[in-house]
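Student: This is the structure I have questions about; it appears just below.
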Amino acid sequence: MSDASAITTASPRALLVGLQYADQNRDEAEALLEELGELTANLGIAVPVRHLVRLRERNARFLLGTGKTAEIIAEARAHNCSLIIFDDELHPAQQRNWEAESGLTVIDRQEVILDIFATRARTREARLQVELAQHEYFLPRLRRAWSHLSRQRGGGVTQRGEGETQLQLDQRLVRERIQRLRADLAIVRKQRDVQRRQRLRVPLPTAAIVGYTNAGKSSLLNALTGAHLLAEDKLFATLDPTTRRLRLPSNRHLLLTDTVGFVRRLPHRLVEAFKATLEEALVADFLIHVVDASSPEAAAHHATTLSVLAELGANKTRILTVFNKLDRVSEPLRLAELKAQFPGALFLSAHTRLGLDTLLARLDDMISGESTAMTLLIPHSRYDLINRLHQAGAVHREQPRAEGVYIEGLVPRRWLDAVRPYVLPAAAHPLHVVPAANDAVA
């Protein structure tokens, strides 16, 4: 048994190990190692030393060669590190071998992300999703002597101390817990479906804000809607989806949903576990893909998000690419390169509000593509339908008539069947139409 249980909450120190594979350039490997450092900092772990290893051949026992393994262990001890953290995934046997050889706690990128998610989950759905991902991750690692499966106490990488707890759990109990979690999540997803259907009763178009973690998605939602979501400058600041209504310049409304951020090498089990959260991207009319324009890894972040969206099946949805944090871009050449590489993308700053008017106009145009211009004569008995059209901002002109209410407007596609019985031919237009006094969205 390793001395992992000796780790205390008092300023743990970690040596980070990055891996550069034969088909990977050094800049990319260093950027991933830098990102691991940011992830680790979110757990309050100090990183006195980092080690980038060029890996030509995988070693079955340690992943690295025995000489490099001994070198890293010696370096970790020299810097008084209690943790060794790998940027790539370690197999359970490799993890156990490292801990037996070093006497230290050895974890990988997946475990760091799981711990961050565990500390950030707020809603019952998010907590269930995180716990499911944790149990699936630790199932083949039950022989490791620490207390990850006691997360109900709020433990994490920095809060281990009752390693005997996990040793007493067997695979049968863990599998039963996984089954219960999946059943609970199925109930939560049904509840979310009900909530989503209730939202769809109001004929509002929907858009999901997606993007790499820390790209400024929550800041953009706040800037557009006046919401007050947590928008800290750190990875995975928010996990739970939040929906707000946005009023566009045309007086039409759009439902905007902020989603969890993506990251390179996101554990597949987290993608699966968070599908209920990310399903907002699947049902949205279109996606707003936010990218941090100031990041030197902007192109890689863009590609990562598209890859995860493809895995979710949301890659066929229309996507509007938005480069945020323009106020942090000080090099005109870099900005020109991004504009050339991503034609059609918008560039703005949620912080200074530069470019938000252009974004709002583009959103208006995209909604217009989801609506059909129609003239309607709706009977007085269907004021419920008239009110919903107003709520959607679909009414451009309105005039009371004896047989009903005459309306000109852009009707969302999802409401075409509801209004079809009341469609008027062009010849039925009145000679004089006065603008409705209540054109503003209710």
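Bear in mind these aren't lab numbers, they're just calculated from the coordinates by the rules spelled out. This structure is a prediction, so every number in the text was calculated from the model and none was measured. Glycine also receives a Cβ, built like all others from the backbone with ideal geometry; neighbour counts cover every protein chain displayed.
Student: For a test of the definition: using alpha carbon positions, the gyration tensor, and the 1.5 limit on a/c, classify the range 24-118 as rounded, prolate or oblate. Before the final figure, lay out each step's value.
Tutor: On the way: a/c = 1.36, a/b = 1.16, b/c = 1.18.
It comes out rounded by the Cα gyration axes.
Student: If a/c stays under 1.5 just call it rounded; otherwise compare a/b with b/c (prolate if a/b is bigger, oblate if not). Do that for the range 241-349, with a ≥ b ≥ c from the square roots of the Cα gyration tensor eigenvalues.
Tutor: Working: a/c = 2.04, a/b = 1.19, b/c = 1.71.
Oblate, since a/c reaches 1.5 and b/c is not below a/b.
Student: Further question on the same structure: At a Förster distance of 60 Å, what's the computed FRET efficiency of ARG182 paired with SER330, Cβ-Cβ distance as r, to 0.05?
Tutor: In this case the efficiency is close to 0.80.
Student: Another question about this same structure. Based on the mean of other Cβ atoms within 10 Å per residue, sort peptides 34-47, 253-266, 329-342, 411-424 so the most packed one is first. Don't skip to the answer; put the middle values down first.
Tutor: Values: 34-47: 18.3, 253-266: 22.2, 329-342: 12.4, 411-424: 15.9.
Per-residue Cβ counts within 10 Å, averaged per peptide and sorted highest first, yield 253-266, 34-47, 411-424, 329-342.
Student: Still on this structure: Taking the Cα of SER368, stepping 7 Å toward and past its beta carbon, and measuring to each backbone N in the range 343-361: which are under 12 Å?
Tutor: Label zone hits: 361.
Student: Identify the residues of the range 288-307 with backbone N under 14 Å of a label point that sits 7 angstrom from the Cα of THR358 along the Cα-to-Cβ direction, or state none.
Tutor: It comes to 293, nothing else.
Student: Follow-up question, since we're still on this one. Give a residue-ordered list of calculated ³J(HN,Hα) values for the range 171-178 (Karplus: 6.51 cos²θ - 1.76 cosθ + 1.60, θ = phi - 60°; whole Hz; x for Gly, Pro).
Tutor: Per residue, the Karplus-derived 3J(HN,Hα) values read 5, 4, 5, 5, 5, 5, 5, 4 Hz.
Student: Could you sort out which of LYS316/LYS339; LYS190/LYS339; LYS68/LYS325 sit more than 31 Å apart by Cα distance in this structure? Provide the component values of the computation, followed by the final result.
Tutor: Working: LYS316/LYS339 23 Å; LYS190/LYS339 42 Å; LYS68/LYS325 40 Å.
Flagged as over cut-off: LYS190/LYS339; LYS68/LYS325.
Student: Another one. Around VAL53, which amide H atoms from residues at least 5 apart in sequence, or from another chain, sit under 5 Å from its own amide H, with H modelled in the peptide plane?
Tutor: GLY18, LEU19, GLN20
Student: Now, a different point. What distance in nm separates the simple spin-label points at ARG175 and ARG77, each placed 7 Å from Cα in the Cβ direction?
Tutor: For ARG175 paired with ARG77, the spin-label model returns 4.0 nm.
Student: Which whole number of Å³ per residue matches the convex hull of the alpha-carbon atoms in the range 320-415? Before the final figure, lay out the partial values.
Tutor: Details: hull volume 10.3 nm³, N = 96.
Dividing the Cα hull volume of the range 320-415 by its residue count gives 107 Å³.
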